[in-house]
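Report on one structure; see the data block that follows.
The values are calculated or read from the model by the stated rules, or taken from the named source; none is laboratory data. These figures come from a predicted structure and were not determined experimentally. Heads up, the Cβs are rebuilt from the backbone with ideal geometry, glycines too, and the neighbour counts pull from every protein chain shown.
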Amino acid sequence: MCIDCGCASADKSNEVKIDGHHHHSHDPHTSESRKLRIEVDILGKNNEYAAKNRSVFSARNILALNLVSSPGSGKTSLLTKTLTDLKPSHAMAVIEGDQQTANDAERIRETGVAAVQINTGKGCHLDAHMVGHAMENLGLENNSLLFIENVGNLVCPAEFDLGEAHKVAILSVTEGEDKPLKYPDMFHAADVMILNKVDLLPYVNFDVEKCIAYARRVNPGIEVIQLSATQGTGMNHWYQWLDAKRPHQQAKEA
């Protein structure tokens, strides 16, 4: 649980930067005797903010997706390719989470899509409160797609609902096929697993069938999409999934 890795709430606070503005995050210093209560408090408060975010998304027919993965899975490459391909036909925006730097947000903005950067400092995940603040700066359109790129980490983001419709777990073939067994909470929480960098399969030791079997062992209902964000292979399958998950466009335009 997140309290063990140094980004959970206690009486003191650090600050989180959202595009240069300071927002409060959490200090890890807490006694073992208070640990369970604080965990419950953190998740309970987070879920309240997540419910508020979700109500906004629902009222405005916004499909919000929480992209989660280890560092180096190709999340940002997948995202920039998606934004470039879908920009002519879809309204989109991005909330970008990283511990430090705005490099990924700058890559995203180069596509012409609005992005807000959240730097979590020592925090290893985004939470619903951070996302709510970021939404205020995005000018989200009705009937749009909102991609939330979480901090690269397959542990803590599994616990924190951001108000999203779906968690999208991204796993590259340059990682071990046993990742779903090592991080079962994340793959259990995800509705879809994107297996990225399939163009590298001839050059790496990765068993696709085992990986999919492991993912379905922890989550029998998980969908699997195999693609290469850099080569474009399988991207249409991803886009079809996105279109299938979009709500009916019935909200009035902002």
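So the values come out like this:
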quantity: Number of the condition not met by residue 203 [criteria: (1) out of contact with any Leu (no Cβ under 7 Å at 6 or more places or on another chain); (2) touching a residue at least 12 places away in the same chain (Cβ under 8 Å)]; calculated: (2)
quantity: Test: residue in the range 142-154 that is farther than 28 Å from residue 243 by Cβ and either touching a Leu at 6+ places or on another chain (Cβ under 9 Å) or at pLDDT below 95 (or both); calculated: yes
quantity: Selected residue (criterion: surrounded by the fewest Cβ atoms within 10 Å (Cβ to Cβ)) from residues of the range 110-121 that are at negative phi and not in a strand (DSSP E or B); calculated: 110
quantity: In the range 155-171, the residues that are touching a Phe, Trp or Tyr at 6+ places or on another chain (Cβ under 7 Å), more than 14 Å from residue 53 (Cα to Cα) and at pLDDT 95 or above; calculated: 169
quantity: Cβ pairs under 6 Å, 6+ apart, first in the range 137-163 and on the phi < 0 side of the Ramachandran plot, second acidic (Asp, Glu); calculated: 142/253; 149/96; 158/185; 160/127
quantity: Matching option when the condition is under 30 Å from residue 172 (Cα atoms) and either at pLDDT 85 or above or touching a strand residue (DSSP E or B) at 6+ places or on another chain (Cβ under 9 Å) (or both), among 13, 55, 70; calculated: 70
quantity: Any hit, the range 153-163, residues being among the small types (Gly, Ala, Ser) and touching a Lys or Arg at 6+ places or on another chain (Cβ under 6 Å); calculated: yes
quantity: Failed criterion for residue 135 (all others in (1) in a helix (DSSP H, G or I); (2) of a type in the set (A, V, I, L, M, F, W, C); (3) within 14 Å of the chain's Cα centre (by Cα) hold); calculated: (3)
quantity: Enumeration of residues in the range 205-228 that are among the aliphatic types (A, V, I, L, M) and assigned to a loop (DSSP other than H, G, I, E, B); calculated: 222, 227
quantity: Qualifying residues in the range 181-214 (those that are charged (D, E, K, R) and over 14 Å from the mean Cα position of the chain (by Cα)) - the one nearest to residue 74 (Cα to Cα); calculated: 197
quantity: Those residues of the range 138-174 which are crowded, with 21+ Cβ neighbours inside 10 Å, more than 10 Å from the chain's Cα centre (by Cα), closer than 18 Å to residue 226 by Cα and not aliphatic (A, V, I, L, M), in sequence order; calculated: 172
quantity: Residue 177 at pLDDT 95 or above, part of a loop (DSSP other than H, G, I, E, B) and under 20 Å from the mean Cα position of the chain (by Cα); calculated: no
quantity: Set 240, 231: member being surrounded by fewer than 14 Cβ atoms within 10 Å (Cβ to Cβ), part of a loop (DSSP other than H, G, I, E, B) and at pLDDT 95 or above; calculated: 231
quantity: Among (1) touching a residue at least 40 places away in the same chain (Cβ under 8 Å); (2) in contact with an Asp or Glu (Cβ under 8 Å, 6 or more places away or on another chain) - the single one residue 194 does not satisfy; calculated: (2)
quantity: Which listed residue, of 89, 73, 55, is outside any strand (DSSP E or B), among the polar types (S, T, N, Q) and surrounded by 18 or more Cβ atoms within 10 Å (Cβ to Cβ); calculated: 73
quantity: Residue within the range 122-132 that is part of a loop (DSSP other than H, G, I, E, B), over 11 Å from the mean Cα position of the chain (by Cα), in contact (Cβ under 8 Å) with a residue 60 or more places away in the chain and buried (at least 24 other Cβ atoms within 10 Å of the Cβ) present; calculated: yes
